[in-house]
1. Given the criteria within 24 Å of residue 16 (Cβ to Cβ) and either without any contact (Cβ under 8 Å) to a residue 40 or more places away in the chain or out of contact with any helix residue (DSSP H, G or I) (no Cβ under 6 Å at 6 or more places or on another chain) (or both), does residue 177 qualify?
2. Just to be sure I understand the filter: pairs with C-beta atoms under 7 Å, separated by 6 or more residues or on different chains, first member in the stretch 122-147 and in contact (Cβ under 8 Å) with a residue 60 or more places away in the chain, second member assigned to a helix (DSSP H, G or I) and more than 9 Å from the ligand (Cβ to nearest atom). Which pairs pass?
3. Do you know which residues across the stretch 87-129 are assigned to a strand (DSSP E or B) and in contact with a helix residue (DSSP H, G or I) (Cβ under 6 Å, 6 or more places away or on another chain)?
4. In this structure, is residue 112 without any contact (Cβ under 8 Å) to a residue 60 or more places away in the chain, away from the ligand (no atom under 16 Å from the Cβ) and surrounded by 21 or more Cβ atoms within 10 Å (Cβ to Cβ)?
5. Take residue 51 and tell me if it is over 19 Å from residue 186 (Cα atoms), at pLDDT 95 or above and touching a helix residue (DSSP H, G or I) at 6+ places or on another chain (Cβ under 8 Å).
6. Looking at the stretch 61-70 only, could you name the residues that are more than 10 Å from the ligand (Cβ to nearest atom) and in a loop (DSSP other than H, G, I, E, B)?
7. Quick check: anything in the stretch 76-95 exposed (fewer than 14 other Cβ atoms within 10 Å of the Cβ), more than 16 Å from the ligand (Cβ to nearest atom) and farther than 25 Å from residue 138 by Cβ?
8. Just one of the numbered conditions (1) closer than 19 Å to residue 159 by Cβ; (2) touching a helix residue (DSSP H, G or I) at 6+ places or on another chain (Cβ under 9 Å); (3) in contact (Cβ under 8 Å) with a residue 24 or more places away in the chain is not true of residue 84; which one?
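The values are calculated or read from the model by the stated rules, or taken from the named source; none is laboratory data. Please read these numbers as outputs of a predicted model, since none were measured by experiment. Note: ideal-geometry Cβ built from the backbone for every residue, glycine included; neighbour counts use all protein chains shown.
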Ligand code: SF4
């Protein structure tokens, strides 16, 4: 539920503007398919995935973690070394910072859902390649449909580029609500970038505050 009439109107305005720019006017329809496919069913379908070349290099698939009915869903880039070892998203240094960001928003990690564009670690943490994203993306999309969060927060460039189907840089969208399947999306920096550029933490916190203003717990 959005917080109050003013924030609802503001969100609808942004949503209509977003559709206007793309020539796809429309109001979000009641999600009759909500929870029709569980996360467990999606995980079982993923199986011991061999759909892209990363399968031969991984230790564990990192499917995602958190509440299946989360209000907030975070979408990062891909597992790193610690995540690949443990099979869980955001458990390394970036994960520790993400946990602090979640706590600052008034949530525990278990309250939100965390996933990535890719479910297997790219070698040496290189950027995801397009064939890997194409092979993996449907599982993320199905996770989003199953969870149906109030807001998605994307962390870094690949996640927002995937959800908006764009090659535009993160800087074009950061801090401004977008929409994926009519779910509000807040693009912000990846925690790994924030570790390298601490001066950007203030901007990221402002992005998270905008999300908090739209959420009713
Ligand atoms: S990255 Fe995705 S598509 Fe590629 S092997 Fe892993 S789970 Fe399968």
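1. For residue 177, the condition - within 24 Å of residue 16 (Cβ to Cβ) and either without any contact (Cβ under 8 Å) to a residue 40 or more places away in the chain or out of contact with any helix residue (DSSP H, G or I) (no Cβ under 6 Å at 6 or more places or on another chain) (or both) - is not met.
2. 139/42; 142/42; 143/39; 143/42; 146/39; 146/42
3. Across the stretch 87-129, the qualifying residues are 113, 115.
4. For residue 112, the condition - without any contact (Cβ under 8 Å) to a residue 60 or more places away in the chain, away from the ligand (no atom under 16 Å from the Cβ) and surrounded by 21 or more Cβ atoms within 10 Å (Cβ to Cβ) - is met.
5. Yes, satisfied.
6. 64, 67, 68, 69, 70
7. yes
8. (2)
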